[in-house]
Every structure is written in structure tokens, then in C-alpha cells.
Amino acid sequence: GQPASVQSVSAGQWIIAIPYTAAPGPSTIQVGASAPFNVTLNKYAPGLFTMTIGGQTIAVAVPSGSSSQVTPSSPAMPGSVYFLSATGLGAIDSSGNPSPTPTVTVGGVAATVLSAAATSTPGLYQVKIQLDGTTSSGNQQVILSIGGISSPSVTLPVGLDRKSTRLNSSHLGISY
């Protein structure tokens, strides 16, 4: 019974922003003069945006202070700060923040969520996280959770912590 904002339309799908005032539970969606179809609305439906590079699907993650994206050849680093693009975090408060604050794990280790805020695009959020300094290298699974509901896991390439890869030259039997 409420108008929804159409975000984009393609041959196979419509992306809409469901109004924040829509009540969770059974509902219907009607597009134009089409017959309504039944849906169940949840208060939260967290999801992380992904991109595909060289056949590998990874989380959309941008280092703080940069416009470049994390890629398999330019992985995230333990202890560093990143912005994740997310959806489904529910209604926002007067400051534009979802409540409660979501949580994020990377490779099963909790990342520190520094902020979570809606963007100017309805339904799109930026979640600012700091990876734990002990996050393992490799393709790690990222999960975003809010209100007891978790997103599907997505991959985040993580590089080696530079501090842990330094070797004392005496351990290698090298002298200078």
C-alpha cells in the first residue's frame, strides 16, 4: 500500500527500495498494473556488494583515504581500515545510522566496526571497518550481521601483515 522507489530496471529484474515504514511480515509487491505477488519483509536483510575480477567474486572494499578497490593483486591488510558497501541494514536514525550497529567478521575474526551509515542512494550503506591485526592472509570469508541475521559470506583477499613477514637477517644466515 506504499510507493517504493525504483532504483534500476533491466530485462530480468527491478531493483526497488522498500519504504522504511513498511511493516515486517507478509506483504505484497505490485509493479504497475501487474498482479500483486506475495513477499515476506524482514526488518533486516544484510548483504555485502561484490564484484568479479578475473573470474573471482570478492567483496567491494575500499581502503580508507583511497578510491581504489581491494583486489586479489592489491589485497586488504591486517590492521587497516576499509569501507564495505552493504544493503539491508534496516531503518536509520536521525543521524543516518542503522540501529543496532552491525558487526563484521573476516576469516572468523571480529573486525572493529568504526561506523555504519546510509548513503544518498536509498538502501545503500557504507560500513567502515578496521581489520584485526591478526587476520590471516588468503581469501577470507566476510560476514555482516545485524539484529541476529547474517549476510551470505563473501570473499575478501587479505595480504600478509608486513610486520609478521620481517625476518632478522641472522635467522637466514646472511651477513652484511
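Quick look at the numbers
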{"item": "Lone unmet requirement of (1) closer than 30 Å to residue 6 by Cα; (2) open to solvent by less than 60 Å² (accessible area, probe 1.4 Å); (3) not in a loop (DSSP other than H, G, I, E, B) for residue 111", "result": "(1)"}
{"item": "Odd one out for residue 80 among (1) modelled with pLDDT under 95; (2) surrounded by 14 or more Cβ atoms within 10 Å (Cβ to Cβ)", "result": "(1)"}
{"item": "Members of the range 1-21 found to be modelled with pLDDT of 85 or more and either of a type outside the set (A, V, I, L, M) or under 15 Å from residue 42 (Cβ atoms) (or both), listed by number", "result": "2, 3, 10"}
{"item": "The lone exception for residue 91 - which of (1) in contact with a Phe, Trp or Tyr (Cβ under 6 Å, 6 or more places away or on another chain); (2) aliphatic (A, V, I, L, M); (3) open to solvent by less than 40 Å² (accessible area, probe 1.4 Å) it fails", "result": "(3)"}
{"item": "Yes/no for residue 145 being farther than 20 Å from residue 77 by Cβ and open to solvent by 10 Å² or more (accessible area, probe 1.4 Å)", "result": "yes"}
{"item": "Counted residues, the range 29-57 - those being of a type in the set (Phe, Trp, Tyr) and assigned to a loop (DSSP other than H, G, I, E, B)", "result": "2"}
{"item": "Boolean, residue 59 is among the small types (Gly, Ala, Ser) and either exposed (fewer than 13 other Cβ atoms within 10 Å of the Cβ) or in contact with a Ser or Thr (Cβ under 9 Å, 6 or more places away or on another chain) (or both)", "result": "yes"}
{"item": "Candidate set: the range 19-28, residues that are outside any strand (DSSP E or B) and without any contact (Cβ under 8 Å) to a residue 24 or more places away in the chain; chosen: the one most open to solvent (accessible area, probe 1.4 Å)", "result": "21"}
{"item": "Where residue 67 falls short, out of the listed (1) farther than 19 Å from residue 128 by Cβ; (2) part of a loop (DSSP other than H, G, I, E, B); (3) small (Gly, Ala, Ser)", "result": "(1)"}
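The values are calculated or read from the model by the stated rules, or taken from the named source; none is laboratory data. Fair warning: this is a prediction, and the values are worked out from it, not measured in the lab. All Cβ positions, even for glycine, are placed from backbone atoms using ideal geometry, and neighbour counts span all protein chains on display. With ligands, DNA and RNA removed, areas are computed over all heavy atoms of the protein, side chains included. Shrake-Rupley method; radii C 1.70, N 1.55, O 1.52, S 1.80 Å.
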